[in-house]
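Single-structure report; data block below.
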Amino acid sequence: MEQPLTQRETRYFDRHLKLHGFGRNAQQRLKNARVLVVGAGGLGCPVLQYLATAGVGHIGIIDFDTVDFHNLHRQVLFSPDDVGKNKAETAVRRLSIQQPFSRFTAYPEALSTTNALTLVRAHDLVIDGTDNFATRYLVNDACVITGVPFVSGAIDGYTGQVSVFNYQGGPTYRCLYPEPPEACGSCAIDGVLNVLPGIVGTLMANEALKVLSGYGEILTGKLLLIDIGGNGYQLFSFSAIEENKQIQALQPQYVNVPAESGEAPPVPVVQPRDALLVDVREPWEYEECHDGTHVNIPLYELPDRVDEWVVPGRPVVFFCPSGKRSRIAVELAKQQGVTAYAEQLP
């Protein structure tokens, strides 16, 4: 049963209620809405803060990952005391204090073919804040099957992009990107200016508010490209491909690729006997804890130190705590023609 805005909510959202073209009806729609945010990382943090303070009634957050120290310069919901804690659960605790009118649910797990349909179906809108194609295609396909729209954003270096997919019969993510590119940028390698996810995440939240409340022109069939270094904003149009809207089932296997958050950890592999074991953590992390059996080459130094880990015919196993940096290292190894595997540190 729909609950009208309370007197306290009316006071809290006073500036929304006075806004021409928005008003009480739009605010009521936000209160009744259920949104699932996939990934509480660089993009997810500003999205969550603005959705919550805008008055979205229920927000689900799914992320298996834990807060790492290098996240803190851009993942603004977290503090140094949160390092090692699950991102979804930590975000819920922080947001519940910040915004008393919304309800939050944490899902401290990875989005997968097992849970995607159930979770997506229970929400009115999905926001994809991850940084890997595996999860993006999974989100897309689950949304197509259940008829739920989703907002997607991506960042790299000084550039970002935003679009809305599967909205009222509009194009899907596969209409824009039929197949994942063989190589793409990674914040872990290329870096990212800390304000970029804030800018792109805020634009994503804005698109979500448009979809949920009914105000404004929605980025369906349009891709907004942002270049914060050159002050460039470009808008491109793309069309729906009918066959991409006919998906009936999730693919049983999605290829592991680099992730910001939201992706399952790698499956342990049987290490080849002659494999080179490379720990891709930062030097200070390695010094804090290591057993001496791994070579330490930080992820960002791999491209400049190929002579130390690229040996013809010798496979490489990369290690890091969560497996995220290891997967990125595997992609770099493929570019060098090296057989490589991603592993988590015990």
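Counting only protein heavy atoms and a 1.4 Å probe, the chain has 46 square angstrom of accessible area per residue. Among the protein heavy atoms of the chain, carbon and sulfur supply 52% of the accessible surface, probe 1.4 Å, non-protein parts ignored.
Report D for segment 143-244 in µm² per second (integer): Stokes-Einstein, Kirkwood Rh on Cα pairs, 10 °C, 1.306 mPa s.
Values: Rh = 14.4 Å.
The diffusion coefficient I find is 110 µm²/s.
Restricting to bridges with both residues inside the chain, how much of the DSSP beta-bridge set is antiparallel, in percent to the nearest 5? Taking every DSSP beta bridge with both residues in the chain, the antiparallel ones total about 40 percent. Largest mean-square fluctuation among 106, 249, 142, in a Gaussian network model of the chain whose springs join Cα atoms under 10 Å apart, belongs to 249. Note on the chain: with a GNM built from Cα contacts shorter than 10 Å, the maximum mean-square fluctuation among 175, 289, 320 falls on 289. For residue 213, the solvent-accessible surface computed with a 1.4 Å probe is close to 0 Å², ligands and nucleic acids excluded.
Mean-square fluctuations from a GNM of the chain, with a 10 angstrom spring cutoff on Cα atoms, peak among 167, 107, 12 at 12.
The magnitude of the dipole of segment 70-186, with charges of +1 and -1 set on the Cβ of Lys/Arg and Asp/Glu and taken from the Cα centre, is near 340 debye.
The values are calculated or read from the model by the stated rules, or taken from the named source; none is laboratory data. Here the structure is a predicted model, which means the values were calculated and not measured. Cβ: placed from backbone, ideal geometry, glycine included. Neighbour counts: every protein chain shown. In case anyone asks, the SASA skips ligands and DNA or RNA and just uses the protein heavy atoms, side chains included. Shrake-Rupley method; radii C 1.70, N 1.55, O 1.52, S 1.80 Å.
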